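Here the structure comes first, spelled out in structure tokens, and everything after it is commentary.
Where a number appears in this text, it was derived from the coordinates with a stated rule and is not lab data. Only a predicted model underlies this, so the values are computations on that prediction, with no experimental measurement involved. Every residue, glycine among them, receives a Cβ derived from its backbone with ideal geometry; neighbour counts consider all protein chains shown.
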Amino acid sequence: MREGLEFVVAWLVLKTLGALPRPAARAAGAALARVIYWLHAPLRRTALVNLRIAFPEWTDAQRRRVLRGFVRQMGWQAAEFAHFPRYTPQNVDRVIQIDGLENFLAGHQGGKGVLYLTGHMGAWEMAPMRQALQGYPLHFLVRRIPNRRVEELINRYRSVHGNTPVDKKESARAIFKVLRRGGAVGILIDLNTLPEEGVFVDFFGVPACTTTGLARIALRTEAAVVPVYVFWEPALRKYHLRFEPPLDVVRTGDEEADVVTNTARFTKVIEGFARRFPDQWLWVHKRWKTRPPGASELY
């Protein structure tokens, strides 16, 4: 019963936002996001704790102002997501432009595939959509949604322009196959993970358990690692999909040490984005939930 209700709600939200003109859909999405945020006190508490950790010099008023911007951004992204079927190669530049495509092409020229270093930055769901409409569809890792019907609905929108979501728990074989063909794989590395799946590296100066998947795959395949993110540009009223130059992957011959070193360097990329665009990163996630042995809880 509950799963059916969740599906109906998700379907109605997507269909309603998708039927509205884009400005109205973004306004409705922002309003819906505000309601959800204020109905869920744990989300607000988590976000404030995270911002106190990341920006201890700020006042709570500054943090709340950033969170209001974050909630608006999430609502806008929901509206854009609902409009994915409307976007075409001819009209998508009105909504989101590409910067630094030459950096992706430089990584692609290596012939061993491209790994997208990315995270929950800006309107992250829009990156694969815009990439595909440019003619470069990709595979990207996703975490399972407990409700199967909701997951299928969301993945239909994610795949509408030719992209392929890959279940995080069944990803290794698919990733290596894509990279051997010279394809591109997006991996979001900024969520908390379990100790057996990650290593502790600094994020805003505090150890955060971070997936080692991107580093291990890069070391074993020699695929190019290209930082990718989407940010909202208020002055232009558009999103930008930005490709940064490929990163040099540290290879000393000690794989475990190299995994830690590269994971730390990759995490600095995410931190740099969050510092530059503090209202466009996922503060409602318990990023520091897993703690090093003996460390106190933060939430």
Report summary line: Within region 272-299, residues in contact with a strand residue (DSSP E or B) (Cβ under 6 Å, 6 or more places away or on another chain), crowded, with 17+ Cβ neighbours inside 10 Å and under 16 Å from Pro207 (Cβ atoms) come out as Arg287, Trp288, Thr290
Query raised in the report: Are any of the residues in region 214-232 among the small types (Gly, Ala, Ser), surrounded by fewer than 17 Cβ atoms within 10 Å (Cβ to Cβ) and in contact with a strand residue (DSSP E or B) (Cβ under 8 Å, 6 or more places away or on another chain)?
Result: no
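Every residue, every condition in (1) aromatic (Phe, Trp, Tyr); (2) touching a residue at least 12 places away in the same chain (Cβ under 8 Å); (3) touching a Pro at 6+ places or on another chain (Cβ under 9 Å), yes or no:
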site: Gly4; (1), (2), (3): no, yes, no
site: Leu12; (1), (2), (3): no, no, no
site: Gly18; (1), (2), (3): no, yes, yes
site: Pro21; (1), (2), (3): no, no, no
site: Ala24; (1), (2), (3): no, no, no
site: Ala28; (1), (2), (3): no, yes, no
site: Pro42; (1), (2), (3): no, no, no
Query - Single unsatisfied condition, Val249 versus (1) in a helix (DSSP H, G or I); (2) out of contact with any Gly (no Cβ under 9 Å at 6 or more places or on another chain) - result: (1)
Report task. May I ask you to list the residues in region 138-152 that are crowded, with 16+ Cβ neighbours inside 10 Å, under 18 Å from Ala78 (Cα atoms) and among the hydrophobic types (A, V, I, L, M, F, W, C)? Result -> Val142, Val150
Report summary line: Residue pairs within 6 Å by beta carbon, gap of at least six or interchain, first lying in region 142-156 and within 24 Å of Leu214 (Cα to Cα), second not in a helix (DSSP H, G or I) and not β-branched (Val, Ile, Thr), listed first then second, are Val142/Pro165; Asn155/Pro165
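Of Arg181, Arg237, Arg173, Arg265, which residue is basic (Lys, Arg) and in contact (Cβ under 8 Å) with a residue 40 or more places away in the chain? If you could, list the steps in order and put the result at the bottom.
Values: Arg237 fails: in contact (Cβ under 8 Å) with a residue 40 or more places away in the chain; Arg173 fails: in contact (Cβ under 8 Å) with a residue 40 or more places away in the chain; Arg265 fails: in contact (Cβ under 8 Å) with a residue 40 or more places away in the chain.
Criteria check complete, one pass: Arg181.
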Query raised in the report: If you check Asn192 against the conditions, is it surrounded by fewer than 21 Cβ atoms within 10 Å (Cβ to Cβ), touching a residue at least 24 places away in the same chain (Cβ under 8 Å) and in contact with a Lys or Arg (Cβ under 6 Å, 6 or more places away or on another chain)?
Result: yes
**Report entry** Enumeration of residues in region 128-137 that are surrounded by 20 or more Cβ atoms within 10 Å (Cβ to Cβ) and either closer than 15 Å to Leu214 by Cβ or touching a helix residue (DSSP H, G or I) at 6+ places or on another chain (Cβ under 9 Å) (or both)
**Finding:** Pro128, Met129, Arg130, Gln131, Leu133
Report task. Please work out if Asp99 is of a type in the set (Asp, Glu), more than 24 Å from Lys177 (Cβ to Cβ) and in contact with a His (Cβ under 8 Å, 6 or more places away or on another chain). Result -> yes
Query raised in the report: Mind checking whether some residue in region 210-221 is within 18 Å of Gly182 (Cα to Cα), in a loop (DSSP other than H, G, I, E, B) and touching a helix residue (DSSP H, G or I) at 6+ places or on another chain (Cβ under 8 Å)?
Result: no
